[in-house]
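Below: the structure, in structure tokens.
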Amino acid sequence: MIKVIPMDIMTDQYNQYLIITEDVRKIVAASGIRNGMVTVETRHTTTGISVNEPLECLQSDVDVFLSRIIPEDAPYSHCHMLRDYGSTGGNPTGHLKAMIVGNHCHFPLIDGKLIGGSAQDIWFCEFDGPSQRTINIIIEGE
Amino acid sequence: MVIDIHVHPAFFDPINGDEKKEELRHNELNIHKNGTASLQHFFNKMNCAGIDMCVLLPEDYSTSMQGEVLVSNKEIRKLVDLAPDRFIGFASVDPHDPSALEKLEEAFAVLDLKGLKLHPARQHFHPDDKIMEPIYDLCEKYDRPIIFHCGLSFEAHATSKNCHPLDFEQLAERREKLRFSLAHFGWPWCRETAMLMLKYPNVYTDTGALYFDSAREFYEQTFTRDIPATWIDRSLRHQVMFGTDDPRFEMIRMSKAIEELGFRQSTVELIKGRNAIEFLHYDPEGGKR
């Protein structure tokens, strides 16, 4: 059985890191599937999903690191009027950060519990906020 | 107080819900793939851009749309009522509508909207057309300013006809009591917009243009090279207002970019709010002054 359950997230910062582990656990518990695999995947191209320790200092280091290698004021190509949007695309840094972080993570599901290390939490990474976002919780199993 | 003088709320959740109307708005405004936005999301965006209040602009092109109003004055009133501390509402009427004057009087006297938005190309009029005179009279009577679309328009069915800054010179000359803004700095005719503002203190403009490159690059080109930064910083500093044309352009990056052009801090403060307060004759403590 496969269930795909959407989860909405509203961000309120330009770049933002949210720990969503407990939200994912609740959705998985309510799914009725006890054993299998869980995938958390963002639907967007300027957000990321990652796994790391939920520490403020690490969030700061990740943010500073990504901003150093992908600065806002570099001369990017993705800064121009997009005719099929009728608006200006000016978020190349969001796309590039999302490429580096990746868009999903996996956890095994055994006896109704996500199995992971004690320091592992699921990060939702916003790189072009504030925005209204949706991620998919994909649960495969029995 | 920081004010964005140029916001189109066509895709705000509280005035959407009808799929056909939403699709019509996407097609007519030529803005796509953006969905609709909750007010909380929009406030988050304003907060990140450091913007306290936004001027909301409706669109009434009804005589060329079988009577359909794209975003109505009443919808603007509804949005302002939902957040009177964040929104200032403008009116729109189609000048070719036989009931335009009646609608405008209602917009000012009953709905208490603070100004008028007009689009000469999309609404098929020239600023000097005779049908415009009673509309201007009413704006003067109620002491309400006008924002005219000026320069390139990305909307459907809208060329730049009647939208060159020079199309407005006789109006500026003829009605010195009428305050009006040539939106988007009249891009690409920014020198001509500057020319009018230099001579006529009742002519204003906004910075709602981002047609090429990033906000920082486009603003540098437009406000430091196409016209020297000194023209704004020394001569036009009381007539330029910060505007973003949201959702077509980028509120957060434009707000940052305007601060990086080398203007005096006092000029930045004028552009980002004080000029709009003067243009609107707005009293932050009590609304209209």
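Here are a few things to note about the model shown:
- Summed over segment B:217-267, the residues that are over 21 Å from B:C150 (Cβ atoms), within 21 Å of the chain's Cα centre (by Cα) and basic (K, R) give a count of 2.
- Scanning segment B:105-126 for residues that are farther than 24 Å from B:S160 by Cα, of a type in the set (A, V, I, L, M, F, W, C) and not in a loop (DSSP other than H, G, I, E, B) returns B:A107, B:F108, B:A109.
- Odd one out for B:T205 among (1) crowded, with 24+ Cβ neighbours inside 10 Å; (2) within 14 Å of chain A (Cβ to nearest Cβ): (2)
- Single match in B:M1, B:M53 (criterion: more than 14 Å from chain A (Cβ to nearest Cβ) and under 23 Å from A:S131 (Cα atoms)): B:M53
- Yes/no for B:I31 being under 30 Å from B:V268 (Cα atoms), in a loop (DSSP other than H, G, I, E, B), touching a residue at least 12 places away in the same chain (Cβ under 8 Å) and touching an Asp or Glu at 6+ places or on another chain (Cβ under 9 Å): yes
- Some residue of segment B:247-264 being of a type in the set (G, A, S), farther than 22 Å from A:N91 by Cβ and part of a helix (DSSP H, G or I): no
- Test for A:I33: is it part of a strand (DSSP E or B) and in contact with an Asp or Glu (Cβ under 8 Å, 6 or more places away or on another chain): no
- Here B:S181, B:S235 are screened, and the one residue that is at pLDDT 95 or above, surrounded by 24 or more Cβ atoms within 10 Å (Cβ to Cβ) and away from chain A (no Cβ under 14 Å) is B:S181.
- Only one of B:L111, B:L39 that is aliphatic (A, V, I, L, M), at pLDDT 95 or above and under 22 Å from A:G129 (Cβ atoms): B:L39
- Taken over segment B:7-36, residues that are closer than 30 Å to B:E278 by Cα and buried (at least 20 other Cβ atoms within 10 Å of the Cβ) amount to 8.
- Residue in segment A:8-20 that is farthest from A:I137 (Cα to Cα), counting only those that are more than 14 Å from every other protein chain (Cβ to nearest Cβ) and crowded, with 18+ Cβ neighbours inside 10 Å: A:Y17
- Only one of B:D94, B:D112 that is closer than 24 Å to B:Y204 by Cα, in contact with a helix residue (DSSP H, G or I) (Cβ under 6 Å, 6 or more places away or on another chain) and not polar (S, T, N, Q): B:D94
- Any hit, segment B:36-46, residues being among the polar types (S, T, N, Q), within 14 Å of chain A (Cβ to nearest Cβ) and closer than 15 Å to B:D245 by Cα: no
- Residue in segment B:248-266 that is more than 14 Å from chain A (Cβ to nearest Cβ), touching a residue at least 24 places away in the same chain (Cβ under 8 Å) and on the phi > 0 side of the Ramachandran plot present: yes
- Looking across segment B:57-79 at every residue that is under 26 Å from A:R83 (Cβ atoms) and of a type in the set (A, V, I, L, M), the one that is farthest from the other protein chains (Cβ to nearest Cβ) is identified as B:M65.
- Odd one out for A:S77 among (1) on the phi < 0 side of the Ramachandran plot; (2) at pLDDT below 95: (2)
- Picking from residues in segment B:38-59 that are without any contact (Cβ under 8 Å) to a residue 40 or more places away in the chain and either surrounded by fewer than 24 Cβ atoms within 10 Å (Cβ to Cβ) or touching a His at 6+ places or on another chain (Cβ under 9 Å) (or both), the one that is farthest from A:Y14 (Cα to Cα) is B:S38.
- One residue stands out among those in segment B:1-21 that are within 20 Å of the chain's Cα centre (by Cα) and in a loop (DSSP other than H, G, I, E, B): the one that is nearest to B:M241 (Cα to Cα), which is B:V2.
- Candidates A:G90, A:G86 - the one that is more than 17 Å from A:V38 (Cα to Cα) and in contact with a His (Cβ under 7 Å, 6 or more places away or on another chain): A:G86
- Residue in segment B:123-157 that is farthest from the other protein chains (Cβ to nearest Cβ), counting only those that are small (G, A, S) and buried (at least 20 other Cβ atoms within 10 Å of the Cβ): B:G151
- Screening B:L24 on (1) touching a Ser or Thr at 6+ places or on another chain (Cβ under 9 Å); (2) in a helix (DSSP H, G or I); (3) within 30 Å of B:H164 (Cα to Cα) shows it passes everything except condition (1).
The values are calculated or read from the model by the stated rules, or taken from the named source; none is laboratory data. No experiment lies behind these values; they were computed from the predicted model shown. Cβ: placed from backbone, ideal geometry, glycine included. Neighbour counts: every protein chain shown.
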